[in-house]
Ligand SMILES: [Zn+2]
């Protein structure tokens, strides 16, 4: 890919820069809370301080869908029990979040075609 060429267009350059920054940034470690987590490869993150490895987003440590699932699970843990109805509710919520992300990606695709 031609990195910073006029033909790329501002939208693509901005998107590329945003991803590149998220990808190379250091994140706070969920285990030892030091800002030392770096990306190894797609979806894999490693803390350089305590050597813990984490599964995360492809280009950032946590994704909006991941944060939503984690919040829902912790809410249910606080309540103490998970019923079948609650599981169905979570699945529906995660599905709608995934659809929203998909729509967002498709919008990007159509913008590229123009
Ligand atoms: Zn750590």
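Read-outs throughout are calculated quantities, based only on the coordinates presented, and are distinct from any laboratory measurement. From a predicted model like this one, the values you see are computed outputs, not experimental measurements.
Sort the chain into rounded, prolate or oblate with this rule: let a ≥ b ≥ c be the square roots of the eigenvalues of the Cα gyration tensor; rounded if a/c is under 1.5, and if a/c is not under 1.5, prolate when a/b is larger than b/c, oblate otherwise.
oblate
Compute the Cα gyration tensor for region 38-99, then decide on rounded, prolate or oblate, letting a ≥ b ≥ c be the square roots of its eigenvalues: rounded whenever a/c is under 1.5, prolate when a/b is larger than b/c in the other cases, and oblate in all that remain.
Oblate, because a/c is 1.5 or more while a/b does not exceed b/c.
Where does helix 64-79 land angle-wise versus the long Cα axis of the chain, in degrees 0 to 90, nearest 10?
On a 0 to 90 degree scale, this one is about 10.
Helix 10-24 versus the longest principal axis of the chain: what is the Cα-based angle in degrees, 0 to 90, to the nearest 10?
Roughly 50 degrees, rounded to the nearest 10.
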